[in-house]
Each structure stands twice: as structure tokens, then as C-alpha cells.
Amino acid sequence: MTWDWEKDGRRVLAVILAAALMALNIKTFVRTGDLFPGGVTGLTVLIQRLAENFWGIQLPYSPINILLNAFPVYVGFRFVGKKFTLLSLLMILVSSFLTDLFPAYVITYDPLLIAVFGGILGGVAVSLCLYVDATSGGTDFIAIYLSQKRGVETWNLVLGFNVVILCIAGLFFGWDKALYSIIFQYVSTQTLHTLYRSYQKQTLFVVTRNAQEVCDAIHIASHHGATISDAIGSHSHSPYKLVYSVISGADVKTALQAVREADPEAFVNSIRSTEVRGNFYMRPKD
């Protein structure tokens, strides 16, 4: 494991900023609205509130969150990537300690505003982490391991984990809190999908006369291959080639520019892919 002090230094600064945003979100929107975020963060908040309401004990956030992340961090070190895991561990530690250090601050008491803007802030924090190849910890480690190493779809597993947290929260603290937490998590997820596209997949259909040059351009831009088939224009009856490829959403802009340079007259249709099975290249974590 080697470090590029300039590049990785920027990554560290981005992770610290994301950790501060995460802690700020918890001490303002999440705590004021009695919301329950997804993943290990939500489980930590749930344990804190159960201890406070039923045993009168105010547990600090950091030891609970760090303890719950111990096994996921081990999975990251063992199977995902060491530098990726170290940066994620930095995110976990800094966000945990800052959550205990930051004072509680009320921006608004409106539960809908809290759910919406808290979700946006949470999505921005997670997106910033993912953008520099780190994660906020918890279920993200397990999801990346299962998807990259085992080829297992993880959406239902993560969703099921969050449903359990929300059901427990609804039973003990009222279903209105659970329902507003669903809005919070939905807004956070939509923000993440808008800002971070590496886990999204896009299908390219390219009608061209320079099929091999287009395929080479796509491969250079995205590390993905393509399929070439024969095509005939319905109006002109001219022979063409149809290039079909599925690439990462983060590579779409670069790939389209490369295709345009390979064949300025190519007709390109880019479509969002909701599910892909088979051998799809994903850049390994460092």
C-alpha cells in the first residue's frame, strides 16, 4: 500500500469535511426531529434513545458507533481494500467524536423540514465520502464486499436492516417518528443518486460506421467492452454497425466524448440500466 501525499491528502481533507457534516446533521436535524438514519448510524441513535428513555442512561455516541463498526471495518481490511478502509475508519472516528463534541442546535422544529433538509445534508456527506473512495462505514462495507466479491445483490439486505431499525423505533417511540425517518432516508438516497453515479449503470447504443474505433474509445474511457452487431437504416437502407455497451454512470460523460471523437456522425442513445447481471467490471478499492 503506497500513499500519494498530494492526492491522498485531499482525500483525507474531504473525509474530515464529510465527517463534520455527518456529525452536524446528527446534532441538528436528526436529534431535533427524533429521526433514525439508516445503517449503523441509525442503530447507534436507536441504542442511545432506548438507554435514555428506559434506563435513564445517556450513552455517548462515539463508543457505540465505533464498537458497532468493528466487524465491518475488519471485513473492509480483509476483503475490500486497506487504504479505502483506513479512510473509512477515519470517517467513522472523526464523525463519532465530533458528534459527542458538537453542541445540540435547533434550526427548526418542523418535522417535514427536518426530514427533507436533514436527508439532503446526510446525502451530501455520504456522497463526499464515496467521491474520494471512502465510506461512512457500517453496512456499506458489507454491501461492497457482497456485491464485488460475491456478486450478491445487496439492496434488499440493506433495506431489510433499515426496516428492522424503523420498526423498533416505531414501536417504542411512535410511528410518526418512523414515518418521518423514511422521508429522511428517501431524500438522503435520492441526493446520493444525484451526486454520486459510480454505482449506477448506463447502457449505450451507438449506430456507427466506425464500430471498432467506437469500441476502443469506450474501453479506454470506461474499461468496459462492447458488442457489435449489424444494422440497416430503415429510411436510407444503408448498412451500419450497432455498438452495445453497459458502463458505469460516472464514466458516461467521458465515454460519450470519446465516442464523438471516434465518429462525429455516430448516433448515440444512452439509457439508465436498473439491473445488470454477469461479468460487469468494477474498479477495485485501493
Only unsatisfied item for Thr85, checking (1) closer than 14 Å to Ile26 by Cα; (2) part of a helix (DSSP H, G or I), is (1)
The lone condition Ser238 fails out of (1) under 30 Å from Met22 (Cα atoms); (2) more than 29 Å from the chain's Cα centre (by Cα); (3) not assigned by TED's automatic domain parsing to the domain that holds Phe117 is (1)
Turns out the helices (runs of 4 or more DSSP H) fully within the stretch 111-208 with at least 2 residues that are more than 14 Å from the chain's Cα centre (by Cα), modelled with pLDDT under 90 and surrounded by fewer than 21 Cβ atoms within 10 Å (Cβ to Cβ) are 139-149, 155-173
In the set Gly233, Gly225, the lone residue that is under 30 Å from Asp133 (Cα atoms), without any contact (Cβ under 8 Å) to a residue 60 or more places away in the chain and among the small types (Gly, Ala, Ser) is Gly225
Scanning the stretch 48-65 residue by residue, those aliphatic (A, V, I, L, M) and in contact with a Leu (Cβ under 7 Å, 6 or more places away or on another chain) turn out to be Ala51
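The values are calculated or read from the model by the stated rules, or taken from the named source; none is laboratory data. From a predicted model like this one, the values you see are computed outputs, not experimental measurements. Heads up, the Cβs are rebuilt from the backbone with ideal geometry, glycines too, and the neighbour counts pull from every protein chain shown.
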